[in-house]
1. Does M87 satisfy the criteria of being hydrophobic (A, V, I, L, M, F, W, C), touching a residue at least 60 places away in the same chain (Cβ under 8 Å), within 20 Å of R137 (Cα to Cα) and touching a Gly at 6+ places or on another chain (Cβ under 7 Å)?
2. Going by what's in this entry, would R118 be described as among the charged types (D, E, K, R) and under 18 Å from the mean Cα position of the chain (by Cα)?
3. Take the residues in segment 139-163 that are polar (S, T, N, Q) and either surrounded by 14 or more Cβ atoms within 10 Å (Cβ to Cβ) or within 18 Å of the chain's Cα centre (by Cα) (or both); name whichever of them is modelled with the highest pLDDT.
4. State whether one or more residues within segment 33-49 are surrounded by 19 or more Cβ atoms within 10 Å (Cβ to Cβ), modelled with pLDDT under 95, touching a Phe, Trp or Tyr at 6+ places or on another chain (Cβ under 9 Å) and within 21 Å of A138 (Cβ to Cβ).
5. Looking at segment 1-77, what helices (runs of 4 or more DSSP H) fall wholly within it and have at least 3 residues that are touching a residue at least 24 places away in the same chain (Cβ under 8 Å)?
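The values are calculated or read from the model by the stated rules, or taken from the named source; none is laboratory data. Since the model is a prediction, treat every value here as computed from it, not as a measurement. Cβ placement follows ideal geometry from the backbone for every residue including glycine, while neighbour counts extend to all protein chains displayed.
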Amino acid sequence: MFAARGYHETSVDDIVARARMSKSAFYEQFESKEHCFRAVLAQEGGELIHAVIGAAAGGQDHRDRMRRGIHAFVVACYKRSAVARLMMVESVGLSASVDDVRHQLQERFAHMVAEEVRLALLDDQFYANQDPQVFGRAVVGAVNDAVGYFLTHPGADADSLADSLSRIFAP
C-alpha cells in the first residue's frame, strides 16, 4: 500500500481497511504509521536482500558471485517493483529511523560485495588496488540508482541492465 500510493498519501485508516483490522489492533502492534512503514521496509527489503545473498552464494568465484548478486538484485527489483519503490523512493529522507533501516539493508548488500573484493585482492588485477568498503558502497549506489532510473524510464530490461552493471563491476 505504501509503495502504490506513497507514504504520505497512505493513512492509518487506509492500512486498517486493507488489513481488515481495527485501529486499536493497529496501535497494539505499531506505535505509528512510520513504525509500520519501518516494519514493512525491514521485512520486505530484508527478504529481497536475503534472496540476493543466497543467489550470489552459488557463484563459482568472486566475479561470478558479484554478477549473480547484481543480477538477482536487479531482477528482484523489476519483479517486485513495489518493494524497490519502498527501498529506493518512499524511504529516502522520511526520517532518521527509516533511513537507518534502509542503510542497514544497503549495508548487507555492500558487505557482500566488499567480502568478494577482499577475496580478490591478491589474485585479480582488476580488484588489486580497490578499497573493498568503498567498492561495495559504489556498487550499491550505482545499482540502486540505475534500477531506480530504469524502473521509471524505458530503456533497459532487467537482464540487460544487470549485464551492463556486471560488466562494470565484475568484468
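1. Spelling it out, it is not the case that M87 is hydrophobic (A, V, I, L, M, F, W, C), touching a residue at least 60 places away in the same chain (Cβ under 8 Å), within 20 Å of R137 (Cα to Cα) and touching a Gly at 6+ places or on another chain (Cβ under 7 Å).
2. no
3. N144
4. For segment 33-49, residues surrounded by 19 or more Cβ atoms within 10 Å (Cβ to Cβ), modelled with pLDDT under 95, touching a Phe, Trp or Tyr at 6+ places or on another chain (Cβ under 9 Å) and within 21 Å of A138 (Cβ to Cβ): present.
5. Once the helices (runs of 4 or more DSSP H) in segment 1-77 are filtered for at least 3 residues that are touching a residue at least 24 places away in the same chain (Cβ under 8 Å), what remains is 2-5, 33-57.
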